[in-house]
(Lines give C-alpha, C1' and ligand atoms only; values in the text may rest on other atoms or scores of the structure.)
Protein backbone atom coordinates (compact mmCIF):
# COMPACT_ATOMS: atom_id res chain seq x y z
CA UNK A 1 0.00 0.00 0.00
CA UNK A 2 1.37 3.47 -0.93
CA UNK A 3 0.54 4.94 2.47
CA UNK A 4 2.30 2.14 4.34
CA UNK A 5 5.35 2.43 2.07
CA UNK A 6 5.52 6.19 2.67
CA UNK A 7 5.35 5.75 6.44
CA UNK A 8 8.12 3.15 6.29
CA UNK A 9 10.38 5.48 4.29
CA UNK A 10 9.70 8.30 6.76
CA UNK A 11 10.44 5.98 9.70
CA UNK A 12 13.70 4.81 8.13
CA UNK A 13 14.72 8.40 7.42
CA UNK A 14 14.08 9.28 11.06
CA UNK A 15 16.11 6.28 12.27
CA UNK A 16 18.99 7.24 9.96
CA UNK A 17 18.93 10.80 11.34
CA UNK A 18 18.88 9.55 14.95
CA UNK A 19 21.73 7.12 14.30
CA UNK A 20 23.89 9.82 12.71
CA UNK A 21 23.19 12.41 15.43
CA UNK A 22 25.86 11.14 17.92
CA UNK A 23 28.47 11.23 15.15
CA UNK A 24 27.43 14.71 14.05
CA UNK A 25 27.67 16.02 17.62
CA UNK A 26 31.09 14.41 18.07
CA UNK A 27 32.33 15.85 14.76
CA UNK A 28 31.12 19.34 15.74
CA UNK A 29 32.83 19.12 19.15
CA UNK A 30 36.04 17.83 17.54
CA UNK A 31 36.01 20.77 15.12
CA UNK A 32 35.40 23.18 18.00
CA UNK A 33 38.35 21.75 19.94
CA UNK A 34 40.57 21.84 16.85
CA UNK A 35 39.57 25.40 15.92
CA UNK A 36 39.35 27.12 19.31
CA UNK A 37 41.08 24.77 21.75
CA UNK A 38 37.93 24.48 23.85
CA UNK A 39 37.31 21.72 26.37
CA UNK A 40 34.22 20.39 24.56
CA UNK A 41 35.73 16.89 24.66
CA UNK A 42 37.09 17.09 28.18
CA UNK A 43 40.66 16.90 29.42
CA UNK A 44 41.55 13.94 27.17
CA UNK A 45 39.85 14.44 23.77
CA UNK A 46 41.35 11.30 22.24
CA UNK A 47 40.01 9.06 25.00
CA UNK A 48 36.62 10.78 24.80
CA UNK A 49 36.37 10.29 21.03
CA UNK A 50 37.28 6.61 21.32
CA UNK A 51 34.86 6.09 24.20
CA UNK A 52 31.94 7.81 22.46
CA UNK A 53 32.37 5.87 19.24
CA UNK A 54 32.77 2.58 21.09
CA UNK A 55 29.81 3.10 23.41
CA UNK A 56 27.51 3.96 20.51
CA UNK A 57 28.68 0.87 18.63
CA UNK A 58 27.68 -1.21 21.67
CA UNK A 59 24.34 0.61 22.02
CA UNK A 60 23.39 0.08 18.39
CA UNK A 61 24.38 -3.58 18.66
CA UNK A 62 22.10 -4.05 21.67
CA UNK A 63 19.27 -2.09 20.02
CA UNK A 64 19.58 -4.34 16.94
CA UNK A 65 19.35 -7.38 19.23
CA UNK A 66 16.27 -5.86 20.87
CA UNK A 67 14.37 -5.69 17.57
CA UNK A 68 13.35 -9.37 17.60
CA UNK A 69 11.93 -9.35 21.17
CA UNK A 70 10.09 -6.09 20.40
CA UNK A 71 8.62 -7.63 17.26
CA UNK A 72 7.53 -10.73 19.18
CA UNK A 73 5.97 -8.67 21.97
CA UNK A 74 4.25 -6.13 19.72
CA UNK A 75 3.27 -8.42 16.87
CA UNK A 76 4.63 -5.82 14.40
CA UNK A 77 6.71 -7.67 11.76
CA UNK A 78 7.67 -4.34 10.14
CA UNK A 79 10.17 -3.78 12.97
CA UNK A 80 12.44 -6.45 11.50
CA UNK A 81 13.16 -4.08 8.59
CA UNK A 82 15.19 -1.89 10.94
CA UNK A 83 17.44 -4.63 12.32
CA UNK A 84 19.90 -4.72 9.43
CA UNK A 85 20.18 -0.92 9.42
CA UNK A 86 20.95 -0.83 13.15
CA UNK A 87 23.48 -3.64 12.79
CA UNK A 88 25.29 -1.76 10.04
CA UNK A 89 25.40 1.37 12.17
CA UNK A 90 26.91 -0.73 14.98
CA UNK A 91 29.60 -1.88 12.52
CA UNK A 92 30.19 1.67 11.27
CA UNK A 93 30.66 3.08 14.77
CA UNK A 94 32.85 0.11 15.76
CA UNK A 95 35.02 0.71 12.67
CA UNK A 96 35.33 4.41 13.52
CA UNK A 97 36.19 3.42 17.10
CA UNK A 98 39.02 1.22 15.80
CA UNK A 99 40.14 3.89 13.31
CA UNK A 100 40.27 6.52 16.08
CA UNK A 101 42.44 4.18 18.15
CA UNK A 102 44.81 3.54 15.23
CA UNK A 103 45.08 7.16 14.08
CA UNK A 104 44.77 9.20 17.28
CA UNK A 105 46.17 6.81 19.86
CA UNK A 106 48.82 4.82 17.99
CA UNK A 107 49.53 7.86 15.78
CA UNK A 108 50.33 5.89 12.65
CA UNK A 109 52.31 3.10 14.31
CA UNK A 110 49.58 0.70 13.19
CA UNK A 111 51.66 -2.46 13.38
CA UNK A 112 51.86 -1.84 17.12
CA UNK A 113 48.24 -2.96 17.35
CA UNK A 114 49.35 -6.60 17.10
CA UNK A 115 51.57 -6.10 20.13
CA UNK A 116 48.66 -4.42 21.95
CA UNK A 117 46.32 -7.30 21.05
CA UNK A 118 48.72 -9.76 22.66
CA UNK A 119 49.44 -7.63 25.76
CA UNK A 120 46.02 -6.22 26.59
CA UNK A 121 43.05 -8.61 26.94
CA UNK A 122 40.46 -5.85 26.50
CA UNK A 123 41.96 -4.99 23.10
CA UNK A 124 42.09 -8.69 22.22
CA UNK A 125 38.35 -9.21 22.75
CA UNK A 126 37.45 -5.83 21.23
CA UNK A 127 39.43 -6.56 18.05
CA UNK A 128 37.91 -10.05 17.90
CA UNK A 129 34.41 -8.54 18.12
CA UNK A 130 35.20 -6.16 15.25
CA UNK A 131 36.65 -8.97 13.10
CA UNK A 132 33.50 -11.04 13.61
CA UNK A 133 31.37 -8.05 12.63
CA UNK A 134 33.09 -7.76 9.25
CA UNK A 135 31.53 -10.86 7.60
CA UNK A 136 28.14 -9.94 9.04
CA UNK A 137 28.36 -6.46 7.49
CA UNK A 138 29.59 -7.82 4.15
CA UNK A 139 26.80 -10.42 3.92
CA UNK A 140 24.02 -8.07 5.02
CA UNK A 141 22.82 -7.41 1.46
CA UNK A 142 19.83 -9.09 -0.16
CA UNK A 143 22.13 -10.72 -2.71
CA UNK A 144 24.21 -12.41 -0.02
CA UNK A 145 21.07 -13.55 1.80
CA UNK A 146 19.96 -15.31 -1.41
CA UNK A 147 23.40 -16.81 -2.07
CA UNK A 148 23.91 -18.20 1.42
CA UNK A 149 20.35 -19.40 2.00
CA UNK A 150 20.00 -21.15 5.34
CA UNK A 151 23.71 -20.66 6.03
CA UNK A 152 23.08 -16.91 6.26
CA UNK A 153 21.02 -17.32 9.45
CA UNK A 154 23.68 -19.61 10.93
CA UNK A 155 26.45 -17.10 10.12
CA UNK A 156 24.53 -14.19 11.61
CA UNK A 157 24.14 -15.99 14.92
CA UNK A 158 27.70 -14.75 15.47
CA UNK A 159 26.07 -11.53 16.64
CA UNK A 160 25.47 -13.12 20.05
CA UNK A 161 29.17 -13.87 20.52
CA UNK A 162 30.03 -10.40 19.22
CA UNK A 163 27.76 -8.76 21.79
CA UNK A 164 29.32 -10.78 24.61
CA UNK A 165 32.83 -9.83 23.44
CA UNK A 166 31.84 -6.15 23.11
CA UNK A 167 30.48 -6.02 26.66
CA UNK A 168 33.57 -7.83 27.94
CA UNK A 169 35.78 -5.35 26.08
CA UNK A 170 34.04 -2.46 27.82
CA UNK A 171 34.10 -4.20 31.21
CA UNK A 172 37.83 -4.91 31.08
CA UNK A 173 38.58 -1.42 29.75
CA UNK A 174 36.99 0.25 32.77
CA UNK A 175 39.46 0.45 35.62
CA UNK A 176 37.27 1.14 38.65
CA UNK A 177 33.61 2.12 38.20
CA UNK A 178 31.97 -0.87 36.51
CA UNK A 179 28.38 0.34 36.87
CA UNK A 180 28.01 1.32 33.21
CA UNK A 181 29.43 -1.90 31.70
CA UNK A 182 27.40 -3.85 34.26
CA UNK A 183 24.27 -2.11 32.97
CA UNK A 184 25.01 -3.17 29.40
CA UNK A 185 25.86 -6.67 30.58
CA UNK A 186 22.47 -6.81 32.30
CA UNK A 187 20.66 -5.63 29.15
CA UNK A 188 22.48 -8.24 27.07
CA UNK A 189 21.62 -10.96 29.60
CA UNK A 190 17.93 -10.02 29.35
CA UNK A 191 18.01 -10.05 25.53
CA UNK A 192 19.74 -13.42 25.36
CA UNK A 193 17.57 -14.82 28.15
CA UNK A 194 14.45 -13.76 26.25
CA UNK A 195 15.62 -15.68 23.17
CA UNK A 196 16.26 -18.82 25.20
CA UNK A 197 12.85 -18.55 26.86
CA UNK A 198 11.09 -17.92 23.55
CA UNK A 199 12.80 -20.93 21.93
CA UNK A 200 11.87 -23.13 24.90
CA UNK A 201 8.29 -21.83 24.76
CA UNK A 202 8.03 -22.61 21.05
CA UNK A 203 9.77 -26.00 21.29
CA UNK A 204 7.82 -28.95 19.81
CA UNK A 205 5.87 -30.83 22.45
CA UNK A 206 5.46 -27.83 24.72
CA UNK A 207 1.93 -27.82 26.05
CA UNK A 208 0.23 -24.42 26.30
CA UNK A 209 -0.31 -23.12 29.81
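The values are calculated or read from the model by the stated rules, or taken from the named source; none is laboratory data. Quick caveat, the model's predicted, so the values are computed rather than measured. Ideal geometry is used to build each Cβ from the backbone, glycine not excepted, and the neighbour counts take in all protein chains shown.
Exactly one residue out of 104, 133 is crowded, with 16+ Cβ neighbours inside 10 Å and either in contact (Cβ under 8 Å) with a residue 40 or more places away in the chain or in contact with a strand residue (DSSP E or B) (Cβ under 7 Å, 6 or more places away or on another chain) (or both): that is 133. Could you check, for the range 191-203, whether at least one of its residues is in a loop (DSSP other than H, G, I, E, B) and without any contact (Cβ under 8 Å) to a residue 60 or more places away in the chain? There is at least one residue in the range 191-203 that is in a loop (DSSP other than H, G, I, E, B) and without any contact (Cβ under 8 Å) to a residue 60 or more places away in the chain.
Looking only at the range 168-176, decide whether some residue is at positive phi, without any contact (Cβ under 8 Å) to a residue 60 or more places away in the chain and over 18 Å from the mean Cα position of the chain (by Cα). Scanning the range 168-176 turns up no residue that is at positive phi, without any contact (Cβ under 8 Å) to a residue 60 or more places away in the chain and over 18 Å from the mean Cα position of the chain (by Cα). Taking every residue in the range 144-158 that is outside any helix (DSSP H, G or I) and pairing it with any residue that is at pLDDT 90 or above, at least 6 positions away or on another chain, the pairs with Cβ-Cβ distances below 6 Å are 156/136. Collect the residues in the range 175-187 that are touching a helix residue (DSSP H, G or I) at 6+ places or on another chain (Cβ under 7 Å) and either assigned to a helix (DSSP H, G or I) or surrounded by 14 or more Cβ atoms within 10 Å (Cβ to Cβ) (or both), keeping them in residue-number order. Result: 181, 184, 185, 187. Among the residues of the range 29-46, write down those that are in a helix (DSSP H, G or I) and in contact (Cβ under 8 Å) with a residue 12 or more places away in the chain. Correct list: 29, 30, 33, 45, 46. Could you list all residues from the range 3-28 that are under 16 Å from residue 97 (Cβ atoms) and more than 18 Å from the chain's Cα centre (by Cα)? Passing the criteria: 25, 27. Residues in the range 64-85 that are closer than 24 Å to residue 173 by Cα and either within 8 Å of the chain's Cα centre (by Cα) or at pLDDT below 95 (or both): 64 alone. Taking residue 49, is it assigned to a helix (DSSP H, G or I) and under 16 Å from residue 26 (Cα atoms)? Criteria met by residue 49. Every residue in the range 70-84 that is touching a residue at least 60 places away in the same chain (Cβ under 8 Å) and surrounded by fewer than 17 Cβ atoms within 10 Å (Cβ to Cβ), please. Correct list: 72, 78, 81.
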